[in-house]
1. So how exposed is Glu373, as accessible area in Å² (1.4 Å probe, rounded to 10)?
2. Averaged per residue, what accessible surface does the chain expose to a 1.4 Å probe, in Å²?
3. Students often check this: by mean Cβ neighbours within 10 Å, which of 245-252, 11-18, 228-235 ranks highest, and how do the rest follow?
4. If one takes the longest principal axis of the Cα atoms in the chain, at what angle in degrees, from 0 to 90 and to the nearest 10, does the Cα axis of helix 331-342 lie?
5. Give the separation of the Cα centroids, the range 1-58 to the range 272-336, in Å.
6. Within the P(r) computed for the range 75-125, what percentage of the Cα pairs occupies the region above 13 Å?
7. Quick one: compute a quarter of the convex hull surface over the Cα atoms of the chain and quote it in nm².
8. Among the trypsin sites (Lys or Arg not before Pro) in the range 251-281, which ones are in a DSSP loop with at most 10 other Cβ atoms within 10 Å of the Cβ? Mind listing them?
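The values are calculated or read from the model by the stated rules, or taken from the named source; none is laboratory data. Remember, it's a predicted structure, so these values are computed and weren't measured experimentally. Backbone-built Cβ (ideal geometry, glycine too); neighbour counts: all protein chains shown. The protein model used for the area step is the full one, side chains on, heavy atoms only, and it has no ligands, DNA or RNA in it. Shrake-Rupley method; radii C 1.70, N 1.55, O 1.52, S 1.80 Å.
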Amino acid sequence: VFSARSRFVREPNVLARALAAVRAMGREILDLTASNPTDAGLSYDSREILEAMTEPAALRYSPSPFGLESARNAVHEELLGDGLDVSVDDIVLTASTSEAYGFAFALLCDPGDAVLVPEPSYPLLAHLGQLASVELRPYRLAYDGAWHVDLGSLRTALTPRSRALVVVSPNNPTGSFLKLEELGEIAKLGLPIVSDEVFSRYPLIDDPTRARSALLVPDVLVIALGGLSKLAALPQHKLAWMLLGGPARDVDEARSRLELVADTYLDVSAPVQHALPRLFRATRATADAIRARTRQNLQKLQQALRGSAANVLRVEGGWYAVVRFPDLASEEEWVVALLEQAGVLVQPGWFFDFAEEPYAVLSLLTLESTFAEGVARLAALVASRVA
Ligand SMILES: Cc1ncc(COP(=O)(O)O)c(C=O)c1O
């Protein structure tokens, strides 16, 4: 009765089972995986955010495939602050970045075509590919003190059915930005680039070699993705964007095809579109608080693991940090021990398809006090195992 593409693994994994058991015992858990900003003890300008959604203009339905011009103007203005001058005509609003991926896959791929995706990366990509009946072919991000694109694996991943290449910058969870040089090499493949830049406003270090946006590339079609979910820490408002760049002929064709794709759904609500300029302004302080928190937590983590047999990998931006455990036990054993013995929840590297183990991914968005206590317990567990 059902399609193969709607068939997903539904059995709870080892960590989920261990977590359920620990919770059933009523034990308190320090959750270092939190990635929902509205649940992270951050302060929001609640009044302004609520009032922004009551603009009278939102009482009128004026469907427009790419979103209201006023809302696209607001995105244009906002991105000028990042040094991106994207024409309002090249901004397509969607309800989420996930939806934008779906639109990009529909635009570029037929069922059975392939898209190159970084590994390790964001687990939702696998689901988005499966739902679009697209084969995701991983290319490696390799670590040697810093993460970089393994260009050899990129070439190996290419097949005659490759239709696009995804970059995530900074990447979730490695926190690595795509470098200008890497962007140049990737563009040489000639494939359209889908560039997920949702975390671009959250750098953790200054790096002049990083590519500010894949839109800097002039010679291939680029679809850059961003949205309120991370930039304004408002995932519940459901508004994101696709920014088109590259050769004019490709951009024109992409625009006219996307018009029908977007017109088929018309998913972005009027209230959020009318609220957009106010939402951008109202959430600046929250985004600042996230930058301060992620930096502070990263420092805390680095301090806690100084001299430890576990180490923190280089992080350049985003909301996550990766820890490598010593090779004394498997990744599963480490994360389950951390949960059962220390009451600390982290994500194992395999959630993100790390090529090796044992790794853990920690959310730097976690409340500072919880994070500090969690990493102290992590360091203590590692020390007790090494001793
Ligand atoms: C790299 C990356 N892209 C996209 C998203 C999803 O964003 P949205 O809420 O706009 O679908 C996430 C969410 O965690 C993410 O980590």
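1. For Glu373, the solvent-accessible surface is approximately 80 Å².
2. Ligands and nucleic acids excluded, the result is 45 Å² per residue.
3. 228-235, 245-252, 11-18
4. 70 degrees
5. That distance is 17 Å.
6. 71 percent
7. 20.2 nm²
8. Loop-located and lightly packed - none at all.
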